Structures are given as C-alpha cells and as structure tokens.
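Contents: one structure, followed by commentary.
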Amino acid sequence: MSGSGSCFPERTARLGGVDLDVVFLGTAASAPTAQRSPTALLIRRGGDRLLFDCAEGTQRQLMRSTLGLPDLQEVFFTHFHADHYLGLPGMLKTFSLRQRDVPLTLFGPPGLAELYRSLGRIVGRLTYEVRVEELRPGESLQREGYRVLAFPVHHGVSAIGYVVAEDDRPGEFDAAAADALAIPFGPERGALQRGESITLDDGRVLTPDAVVGHARPGRRIVIPGDTAPVETVRVLSEGADVLVHEATFLEDERDRASETLHSTALQAAEIARDAGVRLLALTHVSPRYFGPELVREAQEVFEATVVPRDFDVIEVPFPERGEPELIRRGARPPRGSAEPSELPASAS
C-alpha cells in the first residue's frame, strides 16, 4: 500500500514511532464551493497512503498539496453518491497517462462493481489492472501494523464507514527492572522488548513480563462517511484518537438532517462525548455554513472539536506524546512557492 513521497522522518522523530496523520483534501457537502472541494481525505501512515472517497477534483487537490499525486494502491469508498466518487475516472486516466503498470484496488460497499462497470465507457482502456473488492460490514483488511475495518452506517443507501486501527504495541520497557536483574545492554534487552524470552550467561531464563509492561493499544481513526447518528459509530469510536464525522447541518435544521439521513454538529459532538474520543473533526460542510458556527454548536457539548478546511492536517501522536493536533494549511505549499505539479522533473 506504499505510495510515493517521503515518510516524513523529521515528523516521525517528533511524534515518536510511525507517523500518522489525516490530510483533508475536500471538506464540502454535495458540491464544491470557492473555498471547499467535495469529500476526500487521505490517511498517511509511514509510507502508506489510504484515500477515502474521491470526489470531483480530488486529483487536482492532491496536485495542489505538498503531497503531489501519489501512486495510490488502494482507494476506499463509503458510498456511491456522486459527491464521493466523481473524481475517480479522471484520476484513473491520469495514472494511465503516466504509463502506470501497478494494479490499483478499489474497495467499497456492495454496488461498487456495478458502478465501476458503468464508468467503463468513460475510463476506457488503462495501462494497469483495476481490481474491485466489495466489503460488507464486519469485514476487515489486515495490513502491516494495522487493519481497516468496514462497519454499517445509516444513510439510506449501500454505505459503510471505516476504522483504521493500529495493532497493539508492546508495553513500556522498565529499564530500572532490567538493571536490577542485571540484564546486559544489547541484544538481550532488544529481544525482551520484542516479546521474546532470553537465557542469560548465568543460566537464568527471563520472560518479557519481567521487564515489559502490558500491551498498549495502537492509534485509531474512525471515518463513518455520510450518516445519520447511529449507535455503531459511537461503539466503534470509544476511545478513538480521531473521529471524522459529517456535520451537514446545524441543530436548527435537525428535521432536515433526519429527512436526508445526515447529522447536525451537535449530534456529532454528542457521539464524540459519549465515546470519549480524543478529537472530533467535523466535515461535509454545507455551503450554507462557513465553519465557525459548526464549532460553536459542537463545543457546547464537546470541547475538543475542530472543523478542518481543505489542506488542513490532523497529526495523531501516541497518547503519551500528546493530543491530536490540527495543523492549518499543513498540506498546502507556502504562499508564493511553486506547487508540486509546477516543479521541473529535476526538482522532484
């Protein structure tokens, strides 16, 4: 699942361990505005790039960002309303114009295969294979160090949300206990940290629990996509590091939200509060709003709420390293600099 681009070694060192963040490429609901593109977000974990939804203009948003257009290996769709997939045909054609030869896999709820067949006349012949895999709620994909879980949401069509959940981490190494046991510095301590037993020169056999604490949970990001408030989101978001929840309406439009199976900012905040998430990010913003009014409503019940704009980034450190942090314009080149797509080949 590795994409092009660096693995951000300076950020990895600062956050500790494998870097993990969420890049917001499109934060609008239904249609683009002058300030916001429709739905698309990218999760970066180490060298992996996971694109969730691919609305109109997504490849252009990537090219305008500091990421450029990575050679994605997988794209995940929450559902098949047009504002979540219209950017796919153009992106597939661009990959083909680059003479790509590596397969690309599309994931989504039932109906994905039919959608891709209907796009065939637009996409035409490609230089690479496109694989289509339909996921049902409860199915998961295991990756190196993490998994992607599909779960049910409530949007009136074939739709799923996703949880990106890292594997548990080893417990903390107790250096004082290791010193007391006269464990030499070197490979013996490394083996214990990896969960392996060791035999010392004096014949003692030591197991990892002598110097390593209980396993610690990995980080977790929850992406329900478009949905009315639903219990599955709350349950799967319990203790999550980041919940990216739609907030298409304010509370004074609650009836409209219910009719269209969307959520209000207050409803999303109530889910985040009840689930005890570390940070709530509201997205899928209607053109009738600017963002601050959504924050104000949500923060009445859940203070740790942000409304990202396009090209904002949420960095997700391990809990012991700090709280998730919204970086404004974190994926946008500095003003006045050339965008990645404008740089000569020798500079890339």
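Looking only at region 70-110, residues that are among the small types (Gly, Ala, Ser) and in contact (Cβ under 8 Å) with a residue 40 or more places away in the chain come to 2 in all.
Scanning region 97-142 for residues being exposed (fewer than 15 other Cβ atoms within 10 Å of the Cβ), among the small types (Gly, Ala, Ser) and either within 16 Å of residue 85 (Cα to Cα) or touching a helix residue (DSSP H, G or I) at 6+ places or on another chain (Cβ under 6 Å) (or both) gives a total of 3. Within region 11-20, can you find the residues that are at pLDDT 95 or above and touching a helix residue (DSSP H, G or I) at 6+ places or on another chain (Cβ under 8 Å)? Across region 11-20, the qualifying residue is only 19.
Scan region 96-148 for residues that are over 23 Å from the mean Cα position of the chain (by Cα), among the hydrophobic types (A, V, I, L, M, F, W, C) and under 21 Å from residue 49 (Cα atoms) and the total you get is 1.
I need the full set of residues from region 287-306 which are open to solvent by 10 Å² or more (accessible area, probe 1.4 Å) and assigned to a loop (DSSP other than H, G, I, E, B), in order please. Within region 287-306, 287, 288, 289, 290, 300, 301, 302, 303, 304 qualify. Within region 273-304, restricting attention to residues that are of a type in the set (D, E, K, R) and touching a residue at least 40 places away in the same chain (Cβ under 8 Å), the residue that is nearest to residue 315 (Cα to Cα) is 278. Quick check on region 305-315: of everything there that is hydrophobic (A, V, I, L, M, F, W, C) and in contact (Cβ under 8 Å) with a residue 60 or more places away in the chain, which residue is farthest from residue 328 (Cα to Cα)? Result: 307.
Of all residues in region 65-115, which are more than 15 Å from residue 133 (Cβ to Cβ) and among the polar types (S, T, N, Q)? Across region 65-115, the qualifying residues are 65, 66, 94, 96, 99. Kindly provide the set of residues from region 61-89 that are open to solvent by 30 Å² or more (accessible area, probe 1.4 Å) and in contact with a helix residue (DSSP H, G or I) (Cβ under 6 Å, 6 or more places away or on another chain), ordered by number. Selection gives 63, 80.
The values are calculated or read from the model by the stated rules, or taken from the named source; none is laboratory data. Keep in mind it's a predicted model, so treat the numbers as computed, not measured. Don't worry about glycine lacking a Cβ; one is built from the backbone with ideal geometry, like all the others, and counts go over all protein chains shown. Accessible surface areas use protein heavy atoms only, side chains included; no ligands, DNA or RNA. Shrake-Rupley method; radii C 1.70, N 1.55, O 1.52, S 1.80 Å.
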